[in-house]
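Student: Before I ask anything, here is the structure I am working with.
Derivation of every value follows stated rules applied to the coordinates shown; laboratory data play no part. Since the structure is predicted, the reported quantities are computational estimates derived from the model, not experimental observations. Neighbour counts run over all protein chains shown; Cβ positions are idealised from the backbone, glycine included.
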Ligand SMILES: *Cc1c(COP(=O)(O)O)cnc(C)c1O
């Protein structure tokens, strides 16, 4: 627990004021998460619905973010728990989020997940299809507000190799942010994880998703 505090202090000292730190808490216990919250963490990210519902009541007040792939049949479990969904990459999931948000009488903030390297193994909409998806969501989904873009880029030993992907997504972010619509209000460019967040911020990220550098290596069982 001491490490969590020290790690957070170090990361926060390094990050610019304008960059939001999202602590990625998958596999972590409520106790570990609460330690991070006590140290000033305001936003946490999970990639599984089950982990959000399991931990929700045992974690101190904080903004929850869904950052992982979301199945349509599970949206209903988190719609009134999360502050923002980062992983919207299809009309199918957008329509379900819209329907569930409407049923609860709320407007859901989302990010469009893009896949700049067009990796088959990764989720996210390809660069050529992004603008169409944004326009379709704006047309059809009255209970969704689009707040920006999110991406996960390929792992590279040397983060310099993936700098170009971040630059490409920043370009898209600037372009789509100009679309004038009452339900589009770009504020977040969510890119960068433990091994690449410094390069991501240099290329314009203002929301970094960091797990390992805060909590240590993850153990899956
Ligand atoms: C796990 C995860 C992270 C954090 O990864 P670390 O390497 O532990 O910082 C960021 N984004 C997403 C989508 C993740 O699933």
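Student: Quick one: compute the contact order of segment 145-221, relative version, from alpha carbon pairs under 8 angstrom and 6+ residues apart, as a percent.
Tutor: About 32 percent, as a whole number.
Student: Here is a follow-up. Express the relative contact order of the chain as a whole percentage, based on alpha carbon pairs under 8 Å and six or more residues apart in sequence.
Tutor: Relative contact order comes out at 19 percent.
Student: Given a 10 angstrom Cα cut-off, can you work out which residue in 57, 43, 109 is the most mobile in a GNM of the chain?
Tutor: 57
Student: Also, quick follow-up: For the chain, with a Gaussian network of springs between Cα atoms less than 10 Å apart, report the residue from 118, 190, 180 with the top mean-square fluctuation.
Tutor: Fluctuation is largest for 180.
Student: Further, regarding this structure: For the chain, what is the mean residue ellipticity at 222 nm derived from helices alone (per DSSP H run of n ≥ 4: -39500 (n - 2.57); sum divided by total residues; nearest 500 deg cm²/dmol)?
Tutor: Roughly -10500 deg cm²/dmol at 222 nm, from the helical runs in the chain.
Student: Give me the percent of Cα-Cα pairs in the chain that sit more than 28 Å apart, rounded to a whole number.
Tutor: Considering the chain, 26 percent of its Cα-Cα pairs are separated by more than 28 Å.
Student: Take 84, 91, 66 and order them by how many other Cβ atoms sit within 10 Å, fewest up front. Before the final figure, lay out each step's value.
Tutor: On the way: 84 24, 91 15, 66 27.
Listing 84, 91, 66 from fewest to most nearby Cβ atoms yields 91, 84, 66.
Student: Which order do the peptides 156-166, 27-37, 6-16 come out in when sorted by mean C-beta neighbours inside 10 angstrom, highest first?
Tutor: With the highest mean Cβ count within 10 Å placed first, the list reads 27-37, 156-166, 6-16.
Student: What relative contact order, as a whole-number percentage, does segment 46-117 give when Cα pairs under 8 Å and 6 or more residues apart are counted?
Tutor: Relative contact order, segment 46-117: 29 percent.
Student: With a/c under 1.5 counting as rounded, go ahead and sort segment 51-174 into rounded, prolate or oblate using the C-alpha gyration tensor (a ≥ b ≥ c being the square roots of the eigenvalues; past the cut-off, prolate if a/b is larger than b/c, else oblate).
Tutor: Verdict is oblate for segment 51-174.
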